[in-house]
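Engineer: Take a look at this one; I'll ask things after.
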Amino acid sequence: MAKPPGQLPPGVRGPSGPGRQAVERRSFRILVMLNRLPRWLVVVGMGSLLFLGLIQTGDLAWLGGILLLIVTAFLFWLLVLAWPVLPTQARLMRTVVVGGAFGITIMKFMGNF
C-alpha cells in the first residue's frame, strides 16, 4: 500500500500515473541488462559514440548526427526515469545538458558543426 504524500521520505514523489508506469515497465528489462554489464562498458560505449559523433565532418556529418542522436536519446531516457526523485536544480541542469546535446545534434545534421 502506498504511503500518503505527506509521509514519504524527502525527495520521493507519490505514486506515478499510468503513463509513467508504462515507461518504467518497458525500461525495466533494459535497465536489468545494463546493470549486468560492467559499468565501464556503458561509459566507454557512450563516450565513444559521443566522440565519433563529434568528429564526423563533411560527407559523413549525417553519420555523426545519428551517433549524437543515440547519445541524446540515452541521456533523455535517463532523465525521464530519474525525474521523480531529482531536486529542482538537478532537473534544470540535466534538462540543459539534454537540450544542449539535442542542439548539437541538430547542428550536426545541418552541417554547421
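Engineer: Taking θ as phi - 60°, what are the ³J(HN,Hα) couplings along the range 28-39 by the Karplus curve (6.51, -1.76, 1.60), each to the nearest whole Hz, with x for Gly and Pro?
Structural biologist: Taking θ as phi minus 60°, the curve returns 4, 5, 5, 5, 5, 5, 5, 5, 6, 6, x, 4 Hz for the range 28-39.
Engineer: Length gain on complete extension for the stretch Ser16 to Ile66, per 0.36 nm per residue less the alpha carbon to alpha carbon distance?
Structural biologist: Roughly 14.8 nm would be gained on extension.
Engineer: Can you give the Rg to Rh ratio of the range 55-113, both from alpha-carbon atoms, with Rh computed by the Kirkwood formula?
Structural biologist: Taking Rh as the inverse mean 1/r over Cα pairs, Rg/Rh reads 1.10.
Engineer: Could you tell me the calculated FRET efficiency between Met93 and Val43, based on Cβ-Cβ distance and R0 = 25 angstrom, to the nearest 0.05?
Structural biologist: 0.85
Engineer: For the chain, what size does the Cα cloud have along each of its three principal axes, sorted from largest down, in whole Å?
Structural biologist: 57, 30, 24
FYI, it's all coordinate maths here, none of it is from the lab. In this text, all values refer to a predicted model and were calculated from it rather than measured experimentally. With ideal geometry, Cβ positions are generated from the backbone for all residues, glycine too; neighbour counts draw on all protein chains shown.
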